[in-house]
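The structure appears below as structure tokens.
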Amino acid sequence: MEIQMEKIKVKELMVPLSDYATVHQTASLREAVVVLEEIRKKSPSRIPHRAVLVVDEKGDVVGKVSQWDVVRSLEPKYKEIGEFDQLARFGFSVEFIENMQKTYNLWHEPSRNIGELTSNICVSDIMYTPTAGEYVAEDSTLRVAIHQMVVGQHQSLLVLRDKKVVGILRFTDVFIEVAKLICE
């Protein structure tokens, strides 16, 4: 399988930037979700995108808004708690989660108009800015990309050509290719 993984290049598996959901950094969260939904409806046979890429005036990718970011932003008080990824490593009991919800009064406000709420949130305020380890060259091998994803625990990597993002390599697409190799 290693020899096969050396022959497969990232550019063969990536979703080109032109086919991926993108929004300008000044877009509202609502606009980002609408773009994700439009892409999903256009390609029902393809595995849907789980994020929208955020671009600047030049069209360069400056961030990413995931499904996780969208849902988390619906309760603004989560910002008071801090970074969950650091806390989650310790595991949470049901009692801890219930206590946190009471302590921070999470999800207790009367129902709000979600469309209105998300129209007032700018994607640049909630987007995730990728780190250096989340970029991979388009000519890198599948083996290199898998190692990078596993070590960094990344669901996707931004694909570079001459220091410019030209696509995204999703873990889902990597898994499909690995499954094919396993089943050969």
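Values quoted throughout were computed directly from the atomic coordinates according to the rules given, and no laboratory measurement underlies them. Quantities reported herein were computed from a predicted structural model and do not represent experimental measurements. Neighbour counts are summed over all protein chains in view; Cβ atoms, including those assigned to glycine, are modelled from backbone coordinates with ideal geometry.
Taking each residue as 0.36 nm, the span from Glu57 to Thr129 lengthens on full extension beyond its C-alpha to C-alpha distance by 24.3 nm. Return the subset of Lys58/Lys180; Lys9/Lys41; Lys41/Lys163; Lys64/Lys164 for which the Cα-Cα distance in this structure is over 26 Å, preserving the input order. Beyond 26 Å: Lys58/Lys180; Lys9/Lys41; Lys41/Lys163. Placing a pseudo-label 7 Å from each Cα along the Cα-to-Cβ vector at Lys9 and Lys163 gives an inter-label distance of 2.1 nm.
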